[in-house]
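Novice: One structure coming up, written as structure tokens, with questions to follow.
The values are calculated or read from the model by the stated rules, or taken from the named source; none is laboratory data. Source: prediction; values computed, not measured. Virtual Cβ from ideal backbone geometry, glycine too; neighbours counted across all protein chains shown.
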């Protein structure tokens, strides 16, 4: 017995030692990796004569570069860094390349990037501006072009494709799984309280197919977004718009590449080495010499640097608002308490003369949205101007936190509006009592003491009380919108006029501008210039600083690395159902009534 005891103890001791050893080695590897990244001044490629800026369109395009966003487990297994890039870094690098005489052009390597239309539109605008320098842009599709990458590639002076590649342009569609029948089978009923005919975020849990109102709004905003994308591609490729849309109606992904040349969708077929020979000819590089490339991170400014003097704060509000911890890995989220604190600190910072709030959010907690709105209001009361720059989404709670700005900038392809509120409370009575055979006995002192306990079905009185709460929230939301927009566009923007375009309806940026929800089209740089002028700052006499601070503790980075790995595995196993698993988990965690836009899988 004692021998067995000693073996168990020794085994446990050895296990602990091995675990600690693994952790120490992991920490050393991580530290080395972080030092090589964080202090990568010597590791960056330098710009010399006949340099090319190579932009690898692969992986996810994020709002902002995040130095901690890498896959630790992949690194330990000998893999590389995750394929992501920050929109801010890429756009800054394109601006730098335009000004640098030694950089002769841009090469777009189209390998299947992931981004929503507004992000792509901002990147495309930067490429169009680059062409004003009379430098060239060449695009190459090694295995072909996805629709999103082709939208960017269409700016290029010439588009090249591998002879065995493909071009997939198919328009836009959305796919929304409706799960009412599935939930009924397992004994779960979603009790929904909402305001707004178009507030369709809860539809998948209460209907078995799309409602006419939801179909109407999706057809409208997707049609408008596609018109913006399609018209831009057709104009760049000098193809009549009607003819281009006829081509899109075909199954272009299966078309032979020589047909793509005939249709003027691409310019030439070539293998990679032949493409590089063309680049050598353009840059006066001998055939036996290597081309000299730099990446966006090689030449971009340090956008996270802290500087002295007059500054405009660029505050990023990206992801769901207080989404209950459902965000994983690369999925960003907004902590309303932390963001509000950041804004209030900037209010008291004498060097900060104004703020641009970069919003890329589908919304979330109504409570959290109100806290951020209040912080922005306090910032304005300090006499500092605020502009909002909308990204892919600034909808529902994302619009709530935007509506108080002195000026709202967006892309025509931005998704915004969705002014409405809802609550979802799962009832598990049938699951627990009938499916599982569990009888729940309740003892209580008051009629509603057991409200929500163990998924108990709400009574009519409780539902009425929650509906009244949601109604009050909707009144506050529409009042915030009316007050904020009235200060910009005038007295015509009343609460009733807001309600006429609210009802939870989602709008594209182009339509949002026409109905007064957005002031003008533009990007972060346009918003910064507007704030600088409003704050009476002279050009070139101020700097920008990004917030919140990205510096993270080692433990936070380690947690994020683990989350990235878990997210990748779960997303790969669940496919399209992953998004709805994430939504359901978020619903079960949330404590507050929600301002959240409807979600669907938009196929671009």
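This table checks each residue for (1) assigned by TED's automatic domain parsing to the domain that holds residue 402; (2) in contact (Cβ under 8 Å) with a residue 12 or more places away in the chain.
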| position | (1), (2) |
| --- | --- |
| 256 | no, no |
| 265 | no, yes |
| 287 | no, no |
| 292 | no, yes |
| 322 | yes, yes |
| 339 | yes, yes |
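Novice: Collect the residues in the range 271-285 that are part of a loop (DSSP other than H, G, I, E, B) and either in contact with a helix residue (DSSP H, G or I) (Cβ under 9 Å, 6 or more places away or on another chain) or without any contact (Cβ under 8 Å) to a residue 12 or more places away in the chain (or both), keeping them in residue-number order. Give the steps one after another, and end with the answer.
Specialist: Residues of the range 271-285 part of a loop (DSSP other than H, G, I, E, B): 271, 284-285.
Residue satisfying the conditions is 285 alone.
Novice: All but one of (1) surrounded by 16 or more Cβ atoms within 10 Å (Cβ to Cβ); (2) closer than 30 Å to residue 462 by Cα hold for residue 218; which doesn't?
Specialist: If we test residue 218 against (1) surrounded by 16 or more Cβ atoms within 10 Å (Cβ to Cβ); (2) closer than 30 Å to residue 462 by Cα, just (2) comes out false.
Novice: If you go through the range 219-245 one residue at a time, how many are more than 24 Å from residue 508 (Cα to Cα) and part of a helix (DSSP H, G or I)?
Specialist: The total comes to 2.
Novice: Given the options 506, 489, name the one that is at pLDDT below 95 and over 30 Å from residue 345 (Cβ atoms). Reasoning before the result, please.
Specialist: Details: 506 fails: at pLDDT below 95.
That would be 489, the only listed residue that is at pLDDT below 95 and over 30 Å from residue 345 (Cβ atoms).
Novice: All but one of (1) surrounded by fewer than 24 Cβ atoms within 10 Å (Cβ to Cβ); (2) at pLDDT below 95 hold for residue 337; which doesn't?
Specialist: That leaves (2) as the condition not met.
Novice: For the range 306-326: of the residues being within 20 Å of the chain's Cα centre (by Cα) and surrounded by fewer than 18 Cβ atoms within 10 Å (Cβ to Cβ), which is modelled with the highest pLDDT?
Specialist: Among them, the one singled out is 324.
Novice: Which of the helices (runs of 4 or more DSSP H) found entirely inside the range 483-536 contain at least 2 residues meeting this: in contact with a strand residue (DSSP E or B) (Cβ under 8 Å, 6 or more places away or on another chain)?
Specialist: Numbers: elements: 495-500, 509-514, 524-534.
Of the helices (runs of 4 or more DSSP H) lying wholly inside the range 483-536, those with at least 2 residues that are in contact with a strand residue (DSSP E or B) (Cβ under 8 Å, 6 or more places away or on another chain) span 509-514, 524-534.
Residue-by-condition table, conditions (1) touching a helix residue (DSSP H, G or I) at 6+ places or on another chain (Cβ under 8 Å); (2) closer than 30 Å to residue 459 by Cα:
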residue	(1), (2)
405	yes, no
411	yes, no
415	yes, no
419	yes, yes
423	yes, yes
434	no, yes
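Novice: Run residue 164 past the list (1) in contact (Cβ under 8 Å) with a residue 40 or more places away in the chain; (2) within 27 Å of residue 416 (Cα to Cα); (3) touching a strand residue (DSSP E or B) at 6+ places or on another chain (Cβ under 9 Å) and report the number of the one that doesn't hold.
Specialist: Failing condition for residue 164: (2).
Novice: With (1) in contact (Cβ under 8 Å) with a residue 60 or more places away in the chain; (2) over 23 Å from residue 532 (Cβ atoms) as the list, and residue 403 as the residue in question, which single condition is left unmet?
Specialist: It fails just one condition, (2).
Novice: Out of 368, 391, 398, which single residue is surrounded by 19 or more Cβ atoms within 10 Å (Cβ to Cβ) and either outside the structural domain of residue 478 (by TED's automatic domain parsing) or over 19 Å from residue 61 (Cβ atoms) (or both)?
Specialist: Every option except 368 fails the conditions.
Novice: Sort out which residues of the range 121-159 are more than 27 Å from the chain's Cα centre (by Cα) and farther than 24 Å from residue 102 by Cβ, and write them in order of number.
Specialist: 159
Novice: A further question on this structure: Provide a single number: the residues in the range 246-268 that are out of contact with any strand residue (DSSP E or B) (no Cβ under 8 Å at 6 or more places or on another chain), buried (at least 16 other Cβ atoms within 10 Å of the Cβ) and outside any helix (DSSP H, G or I).
Specialist: 1
Novice: Moving to a separate point now. List the pairs whose first member sits in the range 518-534 and is surrounded by 20 or more Cβ atoms within 10 Å (Cβ to Cβ), whose second member is outside any strand (DSSP E or B), and whose Cβ atoms are under 7 Å apart, counting only residues at least 6 apart or on separate chains?
Specialist: 518/509; 518/512; 519/488; 523/122; 523/125; 531/385; 532/542
Novice: Still on this model: May I ask you to say which residue of 196, 141 is closer than 30 Å to residue 122 by Cα and not assigned by TED's automatic domain parsing to the domain that holds residue 427?
Specialist: 141
Novice: All but one of (1) under 28 Å from residue 291 (Cβ atoms); (2) at pLDDT 95 or above; (3) touching a strand residue (DSSP E or B) at 6+ places or on another chain (Cβ under 9 Å) hold for residue 118; state the number of the condition that does not hold.
Specialist: (1)
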